[in-house]
Amino acid sequence: MTTTTTRPARSSPRRRDDTRLALLFILPALIGFLVFMVWPTLRGIYLSFTRFNLLTPPEFNGLDNYVRMVQDPVFWNSMRVTVYYVIVNIALQTAVALVIAVMMQRLTRRTWLRGIVLTPYLVSNVVAAMVFLWILDYQLGIGNTLIAAIGLDRVPFLSSEAWVIPTIAVINVWRHVGYTALLIFAGLQTIPETMYEAGRMDGAGEVRMFRSITVPLLRPVLALVLIITVVGSFQVFDTVAITTRGGPVDSSRVLQYYIYDVAFGRFQFGYASAMSVALLLVLVIITFIQYRVTRADTSDLS
């Protein structure tokens, strides 16, 4: 007679709860977000309802700053100049970045080429603005020297009301287009190669496949890029502060530079905060409309 012994069933180990560890890793970023983003935003909203000049405590004045803003022609001119810059910058940057990304996708995928494309983005806005300020100087700039050498008239890139905003847009496009192109290039990696193979079998050329395959399937990425670039374009400041300081005749006085001038040039922090809150609301509304219109949360890939 044999007896069999049964081993007790081994209890499965309890799954470790990593919530506390995750919160520990998130905590430094959360503290930075609260201190440098949330608190200044709330403080700015509060100051927008006060009269404050750093020398005396904030004095509540209700909606006076907002009434002044609505009646301020310089504010509306700054908003108009900013919108003009955003349109020019977005049109140039998106078009050039899309072409660069598609060329990197269809022609070559070498890593060193992506590094070259991204190199201008590593240059600070201030340095890029100073370099172009020298290149485009009317009298001594190498750009105008070359233009004069081929028999053409010198161009007042940064001293003409007609040229100043397109010139500032080109400077910022040069610096940011590489980053934007890499975002679009990353989106192109999600498009299956079988789509293009099917297009070739149907006799479609590169242009037709770009219109019928690449652009529709790239829509969510393009929507994200558009939102990022629009928000960034509305906050242009460094290039204007270095190259033109709002001139000539307020033709490049964008809203961010006007806010800076009112706050740190005239010490009217209450009014500057009111304009900052208005800019925040404009960006929230524009971002919401872009998100809904472009259907950024959906993809045509099935």
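The values are calculated or read from the model by the stated rules, or taken from the named source; none is laboratory data. The structure displayed is predicted, hence computed values, not measured ones. We place every Cβ from the backbone using ideal geometry, glycine too, and count neighbours over all the protein chains shown. Keep in mind that these areas ignore ligands, DNA and RNA; they rest on the heavy atoms of the full protein, side chains included. Shrake-Rupley method; radii C 1.70, N 1.55, O 1.52, S 1.80 Å.
Among the helices (runs of 4 or more DSSP H) confined to segment 61-176, the ones with at least 1 residues that are among the basic types (Lys, Arg) are located at 64-70, 73-106, 111-118. Looking at (1) open to solvent by 30 Å² or more (accessible area, probe 1.4 Å); (2) in a helix (DSSP H, G or I); (3) in contact with a helix residue (DSSP H, G or I) (Cβ under 9 Å, 6 or more places away or on another chain); (4) in contact (Cβ under 8 Å) with a residue 60 or more places away in the chain, which is the one condition that is false for Pro248? Result: Pro248 passes all but (2). The residues in segment 98-119 that are touching a Gly at 6+ places or on another chain (Cβ under 9 Å) and under 18 Å from Gly187 (Cβ atoms) can be counted, and the count is 5. Scanning segment 191-206 for residues that are over 15 Å from Met103 (Cβ atoms), in a helix (DSSP H, G or I) and open to solvent by 60 Å² or more (accessible area, probe 1.4 Å) yields Glu193, Thr194, Met195, Glu197, Arg200, Met201. Per this entry, Ala97 is counted among residues that are open to solvent by less than 40 Å² (accessible area, probe 1.4 Å), under 30 Å from Arg200 (Cα atoms) and out of contact with any Cys (no Cβ under 9 Å at 6 or more places or on another chain).
Residues considered: Val177, Val170, Val127. Of these, the only one that is open to solvent by 60 Å² or more (accessible area, probe 1.4 Å), within 20 Å of Gln235 (Cβ to Cβ), touching a Phe, Trp or Tyr at 6+ places or on another chain (Cβ under 9 Å) and not hydroxyl-bearing (Ser, Thr, Tyr) is Val170. Right, Met209: in a helix (DSSP H, G or I) and either among the aromatic types (Phe, Trp, Tyr) or open to solvent by 70 Å² or more (accessible area, probe 1.4 Å) (or both) or not? Against the criterion (in a helix (DSSP H, G or I) and either among the aromatic types (Phe, Trp, Tyr) or open to solvent by 70 Å² or more (accessible area, probe 1.4 Å) (or both)), Met209 does not qualify. Would you confirm, using the coordinates I've provided, whether Val67 is within 30 Å of Ala263 (Cβ to Cβ) and open to solvent by 60 Å² or more (accessible area, probe 1.4 Å)? Here the answer is yes, as Val67 does meet what is asked.
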